[in-house]
Amino acid sequence: MYKQLKGGIQMKHKCVSLLLAGILTASGVCRENLTTVWAGTYSGNSIVKLSAVSTNVIAKTQTEYTDEELCKLAADYYYKNHNQKAPIVEIEDTRGDLVTIHLYEIVNDGGGEGHTTTYDWYYVSRKTGKGEDLFNNKIDLTEGTNTKTQPMLSRKKVEIDGNVFKLTAKKYDDSEVIGVSDIIQYSKSTGKSISLVKKITSESIVTNGKYLYYSKDKGGKGVIYKMDLETKKVSRVVSAKNYVLLGGTDKYLYIGKTEFENTVPMYKVYVYNMSTKQVKKSGIDYFVGDIQVEKNKILACTFRLDVDNYRFDVMTETGKSIFKGKAANAVLAKGEVFYIQIFYNNGEHKFKCYQYDLKKKSEKKISYEIYRKYEKKYLGY
């Protein structure tokens with residue numbers, strides 16, 4: 001097992017015993033070869049042990065988790081859900097694809113005596129890491145452990161893994177200064193839509209497919225919430241007068257604060273640090289009406305009073321400028337900015353559309369039809 005010392009993590013060797021029995025019984029049945037392995041890793045403060053299972057535990061295909069991986073996943077899963085570490089995590093049994101994991105503690109009763117206190121039992125598939133706990137609750141040890149996690153996206157319309165999240169058009173009544181809309185979730189596989197959250201004030205969908213952030217007006221206070229999309233559990237993030245959620249990355253939420261009682265989206269932008277839980281003024285020195293986020297790139301668009309060309313900026317999380325221009329509207333998608341400019345001449349208006357590659361730093365003209373395709377796909381209108 002790994003033992004925590006001041007100098008780091010030290011490997012303390014345990015016995016490795018191998019019992020092979022190939023004796024034919026009188027009934028002609030050959031006993032299965034058994035292998036007992038004692039090894040371990042350190043997951044947080046949990047001792048992870050691998051023990052006593054059949055030889056198929058040692059053999060591993062690319063689609064299976066090893067004993068060590070399952071134990072570490074189990075230790076992390078228990079801590080994440082209980083905010084407490086299980087001192088010992090051990091594989092007790094394997095039968096085909098089913099692996100039994102014991103999470104427990106050995107309590108010293110004094111005088112060299114002790115007893116085992118069980119924290120939980122997990123019964124999971126070696127291939128998927130999914131199964132049940134002692135109380136028959138469905139569990140997924142791999143939850144949130146994918147190496148390629150979807151970065152946070154912010155737009156009027158977001159699609160992740162076949163699920164489409166979209167804002168309905170904002171509605172106002174006499175008592176509402178800030179308009180409200182609903183978040184609709186549509187499943188491409190089932191063809192069904194549900195109203196996920198009603199009467200929100202957010203200007204964008206902010207999600208990574210696992211969590212959804214949104215804002216609501218509660219008695220004059222703008223409250224920003226976080227929803228677990230699997231469990232639908234909701235928690236409060238931050239609140240203040242007239243807060244409206246504009247967008248977000250994995251590290252920051254971009255919050256708009258209305259300065260005037262105006263139904264036009266017109267916000268001063270503040271930044272909420274999700275690690276420090278602090279709110280600070282952003283470096284954006286103008287009123288913003290829309291923020292889009294893709295792969296930690298932020299597109300901020302000036303609020304619009306009418307159909308004309310207004311300032312937009314593409315920047316990093318830290319506010320470093322990448323690209324800027326003027327447009328009637330703009331879309332950030334696939335590492336590019338698609339934007340449309342409008343020009344008036346003798347009472348008529350004409351459009352010019354462009355596509356700017358943020359990586360290559362190159363721009364080209366595109367047709368109105370191409371621009372509209374991206375606008376409809378990523379903004380929903």
**OP:** Go through 366, 340, 370 for me and flag whichever is hydrophobic (A, V, I, L, M, F, W, C), at pLDDT 95 or above and surrounded by fewer than 17 Cβ atoms within 10 Å (Cβ to Cβ).
**Re:** 370
Subject >> segment 183-240: number of residues that are loosely packed, with under 12 Cβ neighbours inside 10 Å, within 21 Å of residue 169 (Cα to Cα) and either hydrophobic (A, V, I, L, M, F, W, C) or within 14 Å of the chain's Cα centre (by Cα) (or both) >> reply: 1
Original post:
From the list 216, 226, 199, which one is assigned to a strand (DSSP E or B) and at pLDDT below 95?
Top reply: 199
**OP:** Test each condition in (1) at pLDDT 95 or above; (2) under 20 Å from residue 207 (Cβ atoms) for residue 322 and report the one that comes out false.
**Re:** (2)
Subject >> Residue list for segment 338-361, filter: assigned to a strand (DSSP E or B) and within 29 Å of residue 295 (Cβ to Cβ) >> reply: 338, 339, 340, 341, 342, 351, 352, 353, 354, 355, 356, 357
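If you check residue 268 against the conditions, is it farther than 20 Å from residue 199 by Cβ, surrounded by 14 or more Cβ atoms within 10 Å (Cβ to Cβ), free of Cβ contacts under 8 Å to residues at least 24 places away in the same chain and basic (Lys, Arg)? If you could, list the steps in order and put the result at the bottom.
Details: farther than 20 Å from residue 199 by Cβ: yes; surrounded by 14 or more Cβ atoms within 10 Å (Cβ to Cβ): yes; free of Cβ contacts under 8 Å to residues at least 24 places away in the same chain: yes; basic (Lys, Arg): yes.
Considered against the rule, which asks whether it is farther than 20 Å from residue 199 by Cβ, surrounded by 14 or more Cβ atoms within 10 Å (Cβ to Cβ), free of Cβ contacts under 8 Å to residues at least 24 places away in the same chain and basic (Lys, Arg), residue 268 comes out as yes.
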Original post:
Where residues in segment 93-113 are farther than 26 Å from residue 65 by Cβ and in a strand (DSSP E or B), which of them is modelled with the highest pLDDT?
Top reply: 107
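The values are calculated or read from the model by the stated rules, or taken from the named source; none is laboratory data. All values derive from a computational prediction rather than experimental measurement. Neighbour counts run over all protein chains shown; Cβ positions are idealised from the backbone, glycine included.
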